[in-house]
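Enquirer: This is the structure I have questions about; it appears just below.
Every read-out reported here was derived from the displayed coordinates using simple, explicitly stated rules and does not represent laboratory data. Just so we're clear, the structure is a prediction, and the values are computed from it rather than from any experiment. Here the Cβ is made from the backbone with ideal geometry for all residues, glycine too, and neighbour counts use every protein chain on show.
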Amino acid sequence: MARLPYVSREQLPADKQTLYDHIAETRGSIEGGGIPRSFQLLMNSPDAAASVAQLGEHIRLQSSLDPAIRETAILGTARALNSHYVWAHHEPLARRAGVREEVIEAIRSGKAPMGLPPKEGVFVAAAKELVQKGALSERTVQAIDHLLGPQGTVDVVVVISYYAMLHRALASLGIELEPGLEANLPEL
């Protein structure tokens, strides 16, 4: 159960409603319309919600990462954190971005990066490592840099860090899945 209210546009002061509108506009096409519960919950602090949304917008729309790489890293982060909310929202996005079903299943089951080609597995391994240890090893950074270069390496680290932060904030606030969404993520 959410620990704070889900805030609607009408509950915001007039000068903060444009923040809500922008988030709804940039998330609506991805989430199927409207503003997801994550941002309804974060709207208890509209300026913080806008800042979180701005970084998320950069990650989704301006990052150098191929969408399949981005979504693989996000699913890896969701699995490492057991984040049902992030998983439920990003599993369908991963499929649409071209992430292979075998990759999604390997991540879901907790087996990844084992059994995945290094070009896919490194992003899952990086997510697991960053979540568990708080930083990437030199070897992991070198592997990502070899595949994506410096900008891609930074973008992978930012994606993983963003979704880890988002999960921790939402879990602390008691986020609930939207009706009709399932995480389909087994406990490990």
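Enquirer: Restricted to region 105-135, and to residues that are touching a helix residue (DSSP H, G or I) at 6+ places or on another chain (Cβ under 7 Å) and surrounded by fewer than 18 Cβ atoms within 10 Å (Cβ to Cβ), which residue is farthest from Leu148 (Cα to Cα)?
Expert: Ranking the qualifying residues of region 105-135, first place goes to Gly110.
Enquirer: Which ones in region 80-116 are farther than 18 Å from Asp66 by Cβ and without any contact (Cβ under 8 Å) to a residue 24 or more places away in the chain?
Expert: Glu105, Ala106, Lys111, Met114, Gly115
Enquirer: So which residues in region 57-115 are of a type in the set (A, V, I, L, M), within 10 Å of the chain's Cα centre (by Cα) and over 18 Å from Leu181 (Cβ atoms)?
Expert: Ile59, Ala73
Enquirer: Could you tell me whether Pro46 is farther than 23 Å from Ala88 by Cβ and crowded, with 17+ Cβ neighbours inside 10 Å?
Expert: So Pro46 fits the description; yes.
Enquirer: Kindly indicate whether Ala68 is farther than 27 Å from Asp21 by Cα, surrounded by 23 or more Cβ atoms within 10 Å (Cβ to Cβ) and touching a residue at least 12 places away in the same chain (Cβ under 8 Å).
Expert: It is false that Ala68 is farther than 27 Å from Asp21 by Cα, surrounded by 23 or more Cβ atoms within 10 Å (Cβ to Cβ) and touching a residue at least 12 places away in the same chain (Cβ under 8 Å).
Enquirer: Identify, from the list Ala126, Ala183, Ala135, Ala171, the residue that is free of Cβ contacts under 8 Å to residues at least 12 places away in the same chain, under 30 Å from Ser51 (Cβ atoms) and aliphatic (A, V, I, L, M).
Expert: From the options Ala126, Ala183, Ala135, Ala171, the qualifying one is Ala135.
Enquirer: Give me the residue from region 77-104 that is closer than 16 Å to Val131 by Cα and β-branched (Val, Ile, Thr) and, out of that set, surrounded by the most Cβ atoms within 10 Å (Cβ to Cβ).
Expert: Thr77
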